[in-house]
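Structure record follows, encoded as structure tokens.
A short reminder: the numbers here are calculations on the coordinates, not readings from a lab. Computed from a predicted structure; not experimentally measured. Counting neighbours? That spans all protein chains shown, and the Cβs are built from the backbone with ideal geometry, glycine included.
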Amino acid sequence: MRLSVPARSAAAAALAVAGLLASSAVSTASPETGTPARAAAPDIPVANVKAHLTQLQSIASANGGHRAHGSTGYRASIDYIKGKLDAAGFTTSVKQFTASGRVGYNLIADWPGGDANQVVMAGAHLDSVSRGAGINDNGSGSAAVLETALAVAREQYKPTKHLRFAWWGAEELGMVGSRNYVSTLPAAERTKIKGYLNLDMVGSPNAGYFVYDDNPAIEKTFKDYYATVGVSTEPEREGDGRSDHAPFKSAGIPVGGIGTGASSAKTAAQAQKWGGTAGQAFDRCYHSSCDTTTNINTTALDRSADALAYAVWGLSA
Ligand code: DPN
Ligand code: CA
Ligand code: ZN
């Protein structure tokens with residue numbers, strides 16, 4: 001979905017950056033060095049992320065081949081993710097809305113604890129188009145966000161800030177779910193959100209490595225991760241204004257995110273640095289019936305999930 005987004009003022013952006021970084025050094029100090037000791041972000045097991053994709057594929061296959069807004073496959077996708085989060089100790093809520101005459105749902109999961117006045121959020125759209133199962137778009141982002149949330153629970157992570165995870169409905173109809181969430185959020189709650197991280201298509205078969213450049217602090221955090229694994233990145237452009245970060249950005253909330261590319265073709269220079277096939281789309285199955293579990297680059301999916309965990313840990317510490 002394309003939507004024009006008003007640019008935020010430099011002053012507002014600077015304030016937002018200060019807010020994000022303000023308490024990043026407030027953590028337990030190591031007795032030896034006196035320097036802040038931060039919990040290291042975990043390595044997310046990609047096998048776990050892929051297991052979620054297998055489940056989403058099964059859900060699609062049992063429900064007419066898709067998980068689109070208003071369908072039984074979408075509702076089953078929500079129930080699957082919610083079940084995992086509830087079992088792990090999250091406080092979940094399913095928020096209902098209407099789009100195109102059909103009921104849709106957002107799923108919000110809060111990790112108990114942290115400063116309620118400083119919220120770091122990560123999210124992904126869970127709906128597919130009706131042409132296919134939507135495994136890269138956007139089972140991949142949904143599964144990476146889920147496994148990062150489950151890692152928070154496994155590690156019993158106790159960040160300074162409060163963590164919230166979200167799975168959006170009806171993104172494919174124009175970001176209806178995320179727009180509904182932002183517009184119905186009381187202003188006092190909106191200002192508590194210090195950052196929103198978006199994942200949309202993060203396991204593209206002919207992958208590129210793109211980092212949203214909307215907010216400098218969030219962008220730097222993701223780029224720091226890719227530097228540690230020696231992967232070069234480019235600023236994300238293809239999805240500008242086209243995914244669920246857009247309503248947050250329009251509301252003045254600092255946003256960031258990562259993606260591995262959609263229907264644009266990989267250039268020769270990009271194939272040089274990332275491998276893959278020049279002249280071919282990052283995802284040839286974008287919005288098609290072939291967006292199934294075979295439409296996933298495991299290395300890209302692994303890096304994306306690990307990058308998200310790195311950013312969630314780093315920005316909430
Ligand atoms: N994932 C696309 C969709 O939901 O239709 C939006 C998008 C396009 C995101 C290009 C990133 C890049
Ligand atoms: Ca990993
Ligand atoms: Zn998408």
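Which of Lys161, Lys273 has the fewest other C-beta atoms within 10 Å, and how do the rest follow up to the most?
On the way: Lys161 24, Lys273 14.
In increasing order of surrounding Cβ atoms, one gets Lys273, Lys161.
Sort out for me the Cα centre separation of the stretch 293-316 from the stretch 69-140, rounded to whole Å.
Distance between centres, Cα-based: 18 Å.
Consider just the alpha-carbon atoms of the stretch 117-223 and return their Rg together with their Dmax, both in angstrom.
Considering the stretch 117-223 through its Cα atoms, Rg and Dmax are 14.6, 42 Å.
Restricting to Cα atoms and excluding each atom paired with itself, what does the Kirkwood estimate give for the stretch 137-180 in Å?
Details: mean 1/r = 0.0836 Å⁻¹.
About 12.0 Å for the stretch 137-180.
Do the sum for the chain: with -39,500 (n - 2.57) for every DSSP H run of n ≥ 4, divided by all residues, what is the mean residue ellipticity at 222 nm, to the nearest 500 deg cm²/dmol?
Numbers: 10 runs with 118 residues, N = 317.
Counting only the DSSP helices, I get -11500 deg cm²/dmol.
Which ordering of Arg190, Arg75 is given by a fewest-first count of other beta-carbon atoms within 10 Å? Mind showing how you got there, number by number?
Numbers: Arg190 15, Arg75 18.
Ascending Cβ contact count within 10 Å gives the list Arg190, Arg75.
What is the sum of charges around Gln96, taking Lys and Arg as +1, Asp and Glu as -1, for the other residues whose C-beta is under 15 Å from the C-beta of Gln96? Spell out each step's value before the answer.
Working: positive: Arg75, Lys82, Lys95, Arg102, Arg179; negative: Asp79, Asp127.
Spelling it out: positives minus negatives among the neighbours equals +3.
Go through the stretch 116-198 and name the GluC sites (Glu not before Pro) that are in a DSSP coil and have 14 or fewer other Cβ atoms within 10 Å of their Cβ.
Numbers: sites: Glu147, Glu155, Glu171, Glu172, Glu189; in loops: Glu155.
Taking the stretch 116-198 and a limit of 14 other Cβ atoms within 10 Å, the loop GluC sites (Glu not before Pro) found are Glu155.
Report the Stokes-Einstein translational diffusion coefficient (µm² s⁻¹, integer) for the stretch 162-317, Rh taken as the Kirkwood radius over Cα pairs, at 20 °C with viscosity 1.002 mPa s. Kindly include the intermediate steps, with their values, before the conclusion.
On the way: Rh = 16.2 Å.
For the chosen part, D equals 133 µm²/s.
Taking only C-alpha pairs under 8 Å that are 6+ residues apart, what is the relative contact order of the chain in percent? Spell out each step's value before the answer.
Details: 684 pairs, mean separation 77.4, N = 317.
Rounded, it is 24 percent for the chain.
Rounded to the nearest 5, what % of the DSSP beta bridges within the chain are antiparallel ones?
Details: 18 of 38 bridges.
Bridges in the chain that DSSP calls antiparallel: roughly 45 percent.
In the stretch 226-256, which trypsin sites (Lys or Arg not before Pro) fall in coil by DSSP and have 14 or fewer other Cβ atoms within 10 Å? Let's see the in-between values first.
Working: sites: Arg237, Arg242, Lys249; in loops: Arg237, Arg242.
Loop-located and lightly packed - Arg237.
In a shell of Cβ-Cβ distance under 12 Å around Val120, excluding Val120 itself, what net charge do Lys and Arg (+1) and Asp and Glu (-1) give? Before the final figure, lay out the partial values.
Details: positive: Lys161, Arg164, Lys192, Lys194; negative: Asp110, Asp115.
Taking every other residue near Val120 into account, the sum is +2.
Could you give each residue of the stretch 90-97 its phi-based ³J(HN,Hα) in whole Hz, using Karplus coefficients 6.51, -1.76, 1.60 with θ = phi - 60°, and x for Gly or Pro?
7, 9, 10, 9, 9, 9, 8, 8
In what order do Leu308, Leu53 fall by count of nearby beta-carbon atoms within 10 Å, going from fewest to most? Walk me through the numbers on the way to the answer.
Details: Leu308 28, Leu53 23.
With the sparsest Cβ surroundings first, the list reads Leu53, Leu308.
How long are the three semi-axes of the equivalent ellipsoid of the chain, in whole Å, if each is the root of 5 times an eigenvalue of the C-alpha gyration tensor, listed from largest down? Don't skip to the end; give the middle numbers.
Values: eigenvalues 153, 104, 77 Å².
Taking √(5λ) for each eigenvalue gives 28, 23, 20 Å, largest first.
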